[in-house]
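Okay, so here's the structure we're looking at.
The values are calculated or read from the model by the stated rules, or taken from the named source; none is laboratory data. Quick caveat: nothing in here was measured; it's all calculated off a predicted structure. Glycine also receives a Cβ, built like all others from the backbone with ideal geometry; neighbour counts cover every protein chain displayed. Just so you know, the surface numbers come from the protein's heavy atoms only, side chains and all, with ligands and any DNA or RNA stripped out. Shrake-Rupley method; radii C 1.70, N 1.55, O 1.52, S 1.80 Å.
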Amino acid sequence: EVQLVQSGAEVKKPGESLRISCKGSGYSFTSYWISWVRQMPGKGLEWMGRIDPSDSYTNYSPSFQGHVTISADKSIGTAYLQWSSLKASDSAMYYCARLYTSSSPFDSWGQGTLVTVSS
Amino acid sequence: QSALTQPASVSGSPGQSITLSCTGTSSDVGGYNYVSWYQHHPGKAPKLMIFDVSDRPSGVSNRFSGSKSGNTASLTISGLQAEDEADYYCSSYSSSTTWVFGGGTKLTVL
């Protein structure tokens, strides 16, 4: 069974750093890209960026470029989303999702990680 | 890169058919046949319902169907059931290996 299991909820202060994770299982981790998707409270889904775990190539939505970093450790089948300096506006639910290629849909999703940034 | 436009809410009675719309541009919905639809029950992971405009993944009910005309894609749910009540999001491949989602439609089954 394909599974993407995300790390647990986080509560952080503005200015702090954070890395959340997404562990894939039940499939060849390097054969599929991983995307990250944000859902702010009461809002829709926003595509943030994606990584190809086979070579760690990334590309980002212009809205998120420079604000977050996506990485992956293929040796442990895990992708990451990280911030170097959180803002209150980063408070949201974050989902990871798997896709095969650029022409593929997001066919499996993680359960989501809730990030709360508050002083 | 703007979000795709979806109506905020749609409602229907059990057994009815409803259609959700998703409007983009020639750079996304109109330019590629890579539109997908996701069902999202709050607190759960989104679920792929339709991909490549009109294809259904294995296990998804044939009550769900998709289509596209120009820059607008549509999801039709026939024989509405209480369990269909959820948020529905469309997504499209866009240029330069990016993707865009719609703002979501809240479906209420009366």
Per-pair calculated FRET efficiency, R0 = 35 Å: A:D55 and B:H41 via Cβ, rounded to 0.05: 0.50
Inter-chain Cβ neighbour average for residues A:51-63, partner chain, 10 Å: 1
Accessible area of chain A belonging to carbon and sulfur atoms, whole % at 1.4 Å probe: 47
Candidates A:Q82, A:Q39, A:Q65: whichever shows maximal mean-square fluctuation once chain A is modelled as a Gaussian network with Cα springs under 10 Å: A:Q65
Contact order relative to length of chain A, as percent, for alpha carbon pairs under 8 angstrom and 6 or more apart: 36
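As a test of reading the structure, rank B:D87, B:D28, A:D73 by solvent-accessible area (1.4 Å probe, protein chains only), most first.
If we order B:D87, B:D28, A:D73 from most to least accessible, we get A:D73, B:D87, B:D28.
What is the stretch B:8-110 by shape, rounded, prolate or oblate, if you read a ≥ b ≥ c off the alpha carbon gyration tensor as root eigenvalues and call it rounded for a/c under 1.5, prolate for a/b larger than b/c, and oblate otherwise?
Verdict is prolate for the stretch B:8-110.
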Rg to Rh, two decimals, where chain A supplies the alpha carbon set and Rh follows Kirkwood: 0.95
Lysine pairs with alpha-carbon atoms under 12 Å apart, the protein assembly as shown, spacing 8 or more or separate chains: 4
³J(HN,Hα), Karplus 6.51/-1.76/1.60, whole Hz, each residue of the stretch A:59-71, x for Gly, Pro: 8, 10, 5, x, 5, 10, 3, x, 9, 9, 10, 9, 9
Where the stretch A:76-119 is the region considered: accessible area per residue in Å², 1.4 Å probe: 36
Beta bridges per DSSP with both ends in the protein assembly as shown, % antiparallel, nearest 5: 90
By average C-beta atoms within 10 angstrom, highest first, the peptides B:68-81, A:103-116: A:103-116, B:68-81
For the protein assembly as shown, average projected area of the Cα convex hull in nm²: 12.0
For the stretch A:37-45, 3J(HN,Hα) per residue [Karplus equation, 6.51 cos²θ - 1.76 cosθ + 1.60, θ = phi - 60°, Hz, x = Gly/Pro]: 10, 9, 10, 6, x, x, 10, x, 7
Candidates A:L99, A:L86, A:L45: whichever shows maximal mean-square fluctuation once chain A is modelled as a Gaussian network with Cα springs under 10 Å: A:L45
B/A buried area, accessible surface, summed, 1.4 Å probe, Å²: 1700
Rounded if a/c under 1.5, otherwise prolate or oblate - the stretch A:62-104, Cα gyration tensor axes: prolate
Amide H contacts under 5 Å for B:S54, placed H, 5+ residues apart: none
Rounded accessible area of A:M93 (nearest 10 Å², 1.4 Å probe): 50
